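Trainee: Sharing a structure, written as structure tokens. Questions coming.
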Amino acid sequence: MQQDPEEFKRELGLLDGTMLVVGSMIGSGIFIVSSDMVRQVGSAGWLIAIWAITGLATVIAAVSYGELSAMFPKAGGQYVYLKEAYNKLIAFLYGWSFFAVIQTGTIAAVGVAFSKFAAYIFEPFSEKNILLSLGGFTLSAAQIVSIITIVFLTYLNSRGVKNSKILQTVMTIVKILSLAGLILFGLMLAFDSGTWDGNWTNAWDAKAMASTGEWLPISGTALITGISAAMVGSLFSSDAWNGVTFIAGEIKNPQRNVGLSLFLGTLTVSVIYVLANIMYLAVVPLQEIATAPSDRVAVVASQYIFGNIGTLIIALMIMVSTFACNNGLIMAGARVYYTMAKDRLFFKQAAQLNESSVPAWALWAQCIWASALCLTGTYGALLDFVVIIVLIFYILTIAGIFRLRYKMPHAERPYRAFGYPVLPALYILFASALSITLLVTKPETCGWGVLIMLIGIPIYFILRPGEEV
């Protein structure tokens, strides 16, 4: 008997879910952001501490989400959790921000990162290769390449979850092995290098790099500001772990496997990230990490490890990494729009599944907007705006665990949040303090991020006139 195409097919197991978490988290960030982080805090000790704190916070958030994923094992993930814990307005604000900036902006940025490193292998793909110039608008080969990859991955996902899950699993395993190899060779090289000792001298003396290139000692409020600014990079690199919750409708035994995928995936990536930064410190002098061309610290490290061929090796690694990352982002994102459309909070066509039992219309709507962000060239600024939105909704979602324990005390909870109430409360306090610090120190970007989110309020009431939230 043929399955109804209006139902999702549960074709993803624990390995597939874990690989989706890992593949979506590891994009281009780990190869780039450490350079700016060093400029903000200027010390090996604080660099590793920030990555470790980010990793711990991410794992705590992930295991907290496990309770929600077990209670509501359906497509839409975080959108559904917010709707059940609060109301449709809060859920819509998340979905609106998700489509307007969070997911599509990330897809665009990751696509362009793919094209930038593809240009290392084939120079005509470079962003410097301008194909069209009309007034203030320019179209580069890099933008075209990024859009082609987004379109291709959208098409692949529209043909069913089976092919995209195979691609995701295989490429993520290749990504993990490649990173592990880079880390291993780098740490082996460290035994014959004095770089490690030099970087760890005065490891906790924080300093910031001025625009002149000079190092200025920082402490007190300036240190808190520097840590917060540096943590933006590590948080961006560690985000997108919640993507597996969006496809819970296609996970086998979701009450168990979604939460376990979240834990295993975030723990794996957090360990890899800390080890990668230890490797950077083992082979690259701190000054060179801070001043790496275009912030590509992984390229500098790879050149130290492998010589001139290092650039080619790292370019191939990042192409694989970003390709798999975007596949996971594209697969997961469309499920949120599907669930929103079911609630009449998105285009109604997005609520339909095609003959392959996937929300193809939602996939292509996401593709079109992400491609538009590639063309505008504003996606980088949008990503700066989004960190505050991401944190706000993580705070609300984890606070929703407390709220649902009160609202639905007798609801079935196949899994309960690990360390409740202490660990979830600690995450809320950490993320709230960071959000406030970012709003105070970066109002020009984070303030716009909050505004983008709040614009969703009048849009909600236009879509649902006269309805109570």
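The values are calculated or read from the model by the stated rules, or taken from the named source; none is laboratory data. Being a predicted model, the structure only gives us computed values, none of them experimental. When we count neighbours, we look across all protein chains shown, and the Cβ atoms used for this are built from the backbone with ideal geometry, even at glycine. Accessible surface is based on the protein model in full, side chains and every heavy atom, while ligands, DNA and RNA are left aside. Shrake-Rupley method; radii C 1.70, N 1.55, O 1.52, S 1.80 Å.
Trainee: If I go through the stretch 443-469 residue by residue, how many of them are touching a Ser or Thr at 6+ places or on another chain (Cβ under 8 Å) and open to solvent by 60 Å² or more (accessible area, probe 1.4 Å)?
Mentor: 0
Trainee: Looking at (1) open to solvent by less than 30 Å² (accessible area, probe 1.4 Å); (2) under 20 Å from residue 237 (Cα atoms), which one does residue 392 not meet, given that it meets all the others?
Mentor: All conditions are met except number (1).
Trainee: With the requirement that a residue be under 19 Å from the mean Cα position of the chain (by Cα) and over 21 Å from residue 115 (Cα atoms), what does the stretch 147-175 give you?
Mentor: Correct list: 165, 169, 173.
Trainee: Every residue in the stretch 143-171 that is outside any helix (DSSP H, G or I) and out of contact with any Lys or Arg (no Cβ under 9 Å at 6 or more places or on another chain), please.
Mentor: 159 - this is the single residue of the stretch 143-171 that is outside any helix (DSSP H, G or I) and out of contact with any Lys or Arg (no Cβ under 9 Å at 6 or more places or on another chain).
Trainee: Checking the condition at pLDDT below 90, of a type in the set (Gly, Ala, Ser), in a helix (DSSP H, G or I) and under 17 Å from the mean Cα position of the chain (by Cα), which residue from 334, 370, 381 passes?
Mentor: On the way: 334 fails: at pLDDT below 90; 370 fails: at pLDDT below 90.
381 is the lone residue from the list that is at pLDDT below 90, of a type in the set (Gly, Ala, Ser), in a helix (DSSP H, G or I) and under 17 Å from the mean Cα position of the chain (by Cα).
Trainee: Then there's this: Do we find that residue 372 is more than 27 Å from residue 67 (Cβ to Cβ) and open to solvent by 10 Å² or more (accessible area, probe 1.4 Å) in this structure?
Mentor: Yes: the conditions hold for residue 372.
Trainee: For residues in the stretch 338-366 being open to solvent by less than 10 Å² (accessible area, probe 1.4 Å) and over 16 Å from residue 8 (Cβ atoms), which is nearest to the chain's Cα centre (by Cα)?
Mentor: Top of the filtered list is 366.
Residue-by-condition table, conditions (1) closer than 30 Å to residue 435 by Cβ; (2) at pLDDT below 90:
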site: 309; (1), (2): no, yes
site: 346; (1), (2): yes, no
site: 360; (1), (2): no, no
site: 377; (1), (2): yes, yes
site: 388; (1), (2): yes, yes
site: 396; (1), (2): yes, no
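Trainee: Could you grab the pairs with beta carbons closer than 6 Å, sequence gap of 6+ or different chains, first residue in the stretch 295-317 and part of a helix (DSSP H, G or I) and acidic (Asp, Glu), second one at pLDDT 85 or above and open to solvent by less than 30 Å² (accessible area, probe 1.4 Å)?
Mentor: 295/35
Residues checked against (1) more than 21 Å from residue 271 (Cβ to Cβ); (2) open to solvent by 60 Å² or more (accessible area, probe 1.4 Å); (3) among the hydrophobic types (A, V, I, L, M, F, W, C):
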site: 142; (1), (2), (3): yes, no, yes
site: 160; (1), (2), (3): yes, no, no
site: 183; (1), (2), (3): no, no, yes
site: 194; (1), (2), (3): yes, no, no
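Trainee: Further, regarding this structure: If I ask for residues that are surrounded by fewer than 24 Cβ atoms within 10 Å (Cβ to Cβ) and among the hydroxyl-bearing types (Ser, Thr, Tyr), which ones from the stretch 310-337 would you list?
Mentor: The one that is surrounded by fewer than 24 Cβ atoms within 10 Å (Cβ to Cβ) and among the hydroxyl-bearing types (Ser, Thr, Tyr): 311.
Trainee: In the stretch 407-424, is there at least one residue being of a type in the set (A, V, I, L, M), open to solvent by 30 Å² or more (accessible area, probe 1.4 Å) and in a helix (DSSP H, G or I)?
Mentor: There is at least one residue in the stretch 407-424 that is of a type in the set (A, V, I, L, M), open to solvent by 30 Å² or more (accessible area, probe 1.4 Å) and in a helix (DSSP H, G or I).
Trainee: Residue check: is residue 256 farther than 17 Å from residue 49 by Cα, surrounded by 21 or more Cβ atoms within 10 Å (Cβ to Cβ) and of a type in the set (D, E, K, R)?
Mentor: no
Trainee: Would you mention how many residues in the stretch 111-146 are hydrophobic (A, V, I, L, M, F, W, C) and more than 28 Å from the chain's Cα centre (by Cα)?
Mentor: So the count comes out to 5.
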